[in-house]
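The values are calculated or read from the model by the stated rules, or taken from the named source; none is laboratory data. Not measured: the values here are computed from a predicted model. Cβ placement follows ideal geometry from the backbone for every residue including glycine, while neighbour counts extend to all protein chains displayed. Remember, those area values only see protein heavy atoms, side chains included, never the ligands or the DNA or RNA. Shrake-Rupley method; radii C 1.70, N 1.55, O 1.52, S 1.80 Å.
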Amino acid sequence: MPATALQHFKDDIARAGAILTHADSLGHAPLADKMLRADLLRSAWMFAVGALDAYFCDAYTDIIAATASSKSRQQTITLPEWVYEVKFPLRAILEEYDNENWRWRMAARKMMERENVTSLKAVQDLFNKFFRPGQRFFRDQLDTWMSRSDARIRLFGILQADYLAKSPQDKRKAREAAINQLKERFRTVFQRRHDCIHNCDRPRMSPQPLDKGGTVKKVIQDIEFLVNRCDEHINTEFREFLGTAGCSPATIAQAGY
């Protein structure tokens, strides 16, 4: 899969980090600085979730376009029936392009330009169908993810060291509990972004407090963890998907480029 989606994510999440750094430079007094600091923290939170949203939209665009261009390049491959249900804008397909791959990329981009991916279920719905059984988001990778040194208790409900020390049976139970923890963590992250965008973080009478830069730093860290792990998995599984469809190594090498 092209590296553009991940590179754009890295650029965008760095912008969120820069807003956070600037917010941390402001004090809590006078009141005007305190309010500005809180709003900058909200902006960093929104930027971070926006970076995640853009990444998953771009990544889905890339693999849909790569699937279509692979079929165009190698007509003998056999794609799952659901691929043929993907609806591309006709204008984008009929435009003239110097590069045939660009036709499918622009069509896929037009298809996704009004979509958003701000729930884990939305991520699952888009990508799981490309993955092999036993390799689905967000269950089958948890053992690997929870075993990492940068796995955090707020994501999985357990420290890495404690997880690794468990028996296989207890690890299985910990993974089952981690599914709900992961969903709840990102439900909270996405909801706060929604509140900031739709009602200026005022879901009731008063704005929700946000005065700790560390709170937003943790949001950024968790989003980086999720996107980086997902990108690794998408890259591996999409190559498997094309290979299973009958793509030659040459076709796989050219997919999306």
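Observations on the structure shown:
- Cα-based Rg of the range 138-257 normalised by 2.2 N^0.38 Å, two decimals: 1.39
- Correct choice for volume of the Cα convex hull per residue in Å³ that was computed from the model, options (i) 155; (ii) 129; (iii) 196: (i)
- Averaged per residue, the range 1-87 has 46 square angstrom of accessible surface, using a 1.4 angstrom probe with ligands and nucleic acids left out.
- Hydrodynamic radius of the range 21-134 by the Kirkwood approach over all distinct alpha-carbon pairs: 17.0 Å.
- Pairs exceeding 25 Å between alpha-carbon atoms, taken from Lys171/Lys212; Lys183/Lys212; Lys129/Lys183: Lys171/Lys212.
- Alpha-carbon centroids, the range 1-45 and the range 119-174: separation in whole Å: 28 Å
- Extent along principal axes [Cα atoms of the range 54-113; Å; largest to smallest]: 31, 26, 17
- In whole percents, the pair-distance distribution calculated for the range 68-214 from its alpha-carbon pairs, binned every 5 Å from zero, is 2, 7, 11, 13, 13, 12, 12, 12, 10, 6, 2, 1, 0.
- The string of couplings for the range 110-116 from the Karplus curve (6.51, -1.76, 1.60, θ = phi - 60°) is 4, 4, 9, 5, 10, 8, 9 Hz, one whole number per residue in order, with x for Gly and Pro.
- Phi angles across the range 61-66 convert, under the Karplus curve 6.51 cos²θ - 1.76 cosθ + 1.60 with θ = phi - 60°, into 3J(HN,Hα) values of 4, 4, 6, 5, 5, 5 Hz, Gly and Pro given as x.
- Restricting attention to the range 1-114, lysine pairs at least eight places apart or on different chains and with alpha-carbon atoms under 28 angstrom apart total 4.
- The range 216-257 and the range 89-104 have Cα centres separated by 24 Å.
- Accessible surface for the range 114-161, divided over its residues, is 52 Å² per residue with a 1.4 Å probe.
- Given R0 = 51 Å, the distance between the Cβ atoms of Ala161 and Trp102 translates into a calculated FRET efficiency of 0.60.
- Range of Cα positions in the range 111-164 per principal axis (Å), largest first: 44, 24, 14
- The fraction of accessible area contributed by carbon and sulfur in the range 1-82 is 60 percent, rounded to a whole number (1.4 Å probe; ligands and nucleic acids excluded).
- Helix content alone sets the calculated 222 nm mean residue ellipticity of the chain: runs of n ≥ 4 DSSP H residues at -39500 (n - 2.57) each, divided across all residues, give -22500 deg cm²/dmol.
- Peptides ranked, highest mean first, by Cβ atoms within 10 Å: ranges 221-230, 190-199, 46-55, 207-216: 46-55, 221-230, 190-199, 207-216
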